[in-house]
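I have placed the structure first, in the form of structure tokens, so that the comments after it can refer back to it.
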Amino acid sequence: MAHILPAGANAPTRQESTKPAAVPGIGLTLYTLAALTVLASAVVVLTVIAAIVVLGSVAQLTVNLQRRSYALWQLIGITGKRVTWIVRAQLMIVALIGAAAGTAIAAPFIPAFLTFGLSASMGLRDIDIDFNLISGLIVIAVVTVVVSFGGFPATRRVGSVRPIEVLRESTQSRGTMTLVRWLVAAATLSIAAAMTWSLVSGDSVSGGNQILVIRPLFTASMAAAGPAVFPAILRMWTTLVPARLSASWFLARNAAQFQATRSTATINALLVTIALPGSLYAGFATLGNATAAATGNTAGYLAPANFLLLVGGSLLVSLSGAAATVLMATRTREQEAALVQAAGGTRTVVLLRAVWEALILVVTAILASAIVLALTAGAVALSLSRVAATAPDFGLGQAGFASAACAIVLVAASAIPVLLALRQPIRAVLVASE
């Protein structure tokens, strides 16, 4: 969060008297203030939605990976309710430390980034950015609250872990669709559809700004339905590739299918990374096509600088979350790699298996994102066609770039820990799992 001041505010001139009056105590015109409010609100909403979707998946994965530990806590006399509050306190502490560290690292770059992001916005190019201590404290507080809120649904289930879970494998839980997830998926999809249809009022486009909200709603709907949709997509396309292709492919495919919770958490984060920028550009580009067809101008298109400003925060959150879900399961993957080697598998097979599993998750996320892109562009084009014949734009270029970034990050996060684990004796890795 930054204080934004008009350039040259300390040196007023006679010409300034012809400009719109500034808001007292702020120094910005009503037009500029309104534009900044809309832009800032859009950035915050998009980033918060991405954070809640990703953090919910990460927190759920954490709970599943630590079920045996929570069961042991109860065996030594800690009640389930107390376990829940301990985990929530841990989450809040981690959120506070992470928010403070992130703010300190990002603070020097914020003015330059915002200046670049606003450079393509008419009337916002000449403002000065001031990020101070108060702004930083507000950011830390907001991030801590959002992270804690996003992880609470998963931490609520910590207290219900039974002591008998200590005898079971933590990572064998499968993703399930709860009633709340079905309701969220249906509600967000319905709201997105209603807002898309209301883009047109009479013979003109009346809700262009709704594009900013429509695409995250479609993405959120897909993310909420993830435990039901992602495994089905994964099984559907991986069965098209013969299992006899290679031993590493066979192992990777079965691991991705079996560890449904782990896979769903990663795919959820990848979905946000790919679908949000792709669907945002698709929505605005389709709106631009409609504007061009109706009036001949291209005012509806989104400038690259504005695009980066809108989605930069959400992309960092989601891509980091995807890498985190992979790294969180590093110990489990090391044990699986040691078992493959103990059964006679070569190091090449173990490494390729890690690479294949990462690519399986990325391709599954791409296919799920394609559904979101098709819904966004198709629905917006259908609605705008009531004003003028509109060709849908699916944002394939932006989604493709995001997909490539996801593939690079996920392969690295999956393969590097396996490479390090291959340097350890097999017996030492297997004994550590006991």
With the requirement that a residue be touching a helix residue (DSSP H, G or I) at 6+ places or on another chain (Cβ under 7 Å) and modelled with pLDDT of 80 or more, what does region 149-182 give you?
ARG181
For region 199-211, state whether one or more residues are at pLDDT 90 or above and among the hydrophobic types (A, V, I, L, M, F, W, C).
no
Test result for ALA329, touching a Lys or Arg at 6+ places or on another chain (Cβ under 6 Å) and either loosely packed, with under 15 Cβ neighbours inside 10 Å or in the same structural domain as ALA185 (by TED's automatic domain parsing) (or both)
yes
Of the conditions (1) in a helix (DSSP H, G or I); (2) farther than 30 Å from TRP197 by Cβ; (3) touching a residue at least 12 places away in the same chain (Cβ under 8 Å), LEU316 satisfies every one except a single condition; which number is it?
(3)
Would you be able to tell me the number of residues in region 336-348 that are under 20 Å from ALA412 (Cβ atoms) and surrounded by 18 or more Cβ atoms within 10 Å (Cβ to Cβ)?
2
Checking ALA95 against (1) more than 30 Å from SER263 (Cβ to Cβ); (2) at pLDDT 80 or above, the condition it does not meet
(1)
Any residue at all in region 302-309 that is of a type in the set (Phe, Trp, Tyr), closer than 30 Å to PRO111 by Cβ and either in contact with a strand residue (DSSP E or B) (Cβ under 8 Å, 6 or more places away or on another chain) or in a helix (DSSP H, G or I) (or both)?
yes
Note down all Cβ pairs under 9 Å where the first residue falls in region 358-386 and is assigned by TED's automatic domain parsing to the domain that holds ALA256 and surrounded by fewer than 23 Cβ atoms within 10 Å (Cβ to Cβ), the second is of a type in the set (Phe, Trp, Tyr) and at pLDDT 95 or above, and they're at least six residues apart or on different chains.
none
Identify all residues within region 70-97 that are surrounded by 15 or more Cβ atoms within 10 Å (Cβ to Cβ) and not hydrophobic (A, V, I, L, M, F, W, C); write none if there are none.
TYR70, GLN74, GLY80, THR84, ARG88
Is at least one residue of region 388-406 assigned to a loop (DSSP other than H, G, I, E, B), of a type in the set (Phe, Trp, Tyr) and either closer than 20 Å to LEU276 by Cα or at pLDDT below 80 (or both)?
yes
Of residues in region 233-253 being among the hydroxyl-bearing types (Ser, Thr, Tyr) and not in a helix (DSSP H, G or I), the one surrounded by the fewest Cβ atoms within 10 Å (Cβ to Cβ):
THR239
Would you call PHE218 closer than 24 Å to VAL44 by Cβ and in the same structural domain as THR330 (by TED's automatic domain parsing)?
yes
The helices (runs of 4 or more DSSP H) lying wholly within region 53-128 that contain at least 3 residues that are among the β-branched types (Val, Ile, Thr), within 21 Å of the chain's Cα centre (by Cα) and not assigned by TED's automatic domain parsing to the domain that holds LEU217 are 80-106
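The values are calculated or read from the model by the stated rules, or taken from the named source; none is laboratory data. Since the structure is predicted, the reported quantities are computational estimates derived from the model, not experimental observations. Here the Cβ is made from the backbone with ideal geometry for all residues, glycine too, and neighbour counts use every protein chain on show.
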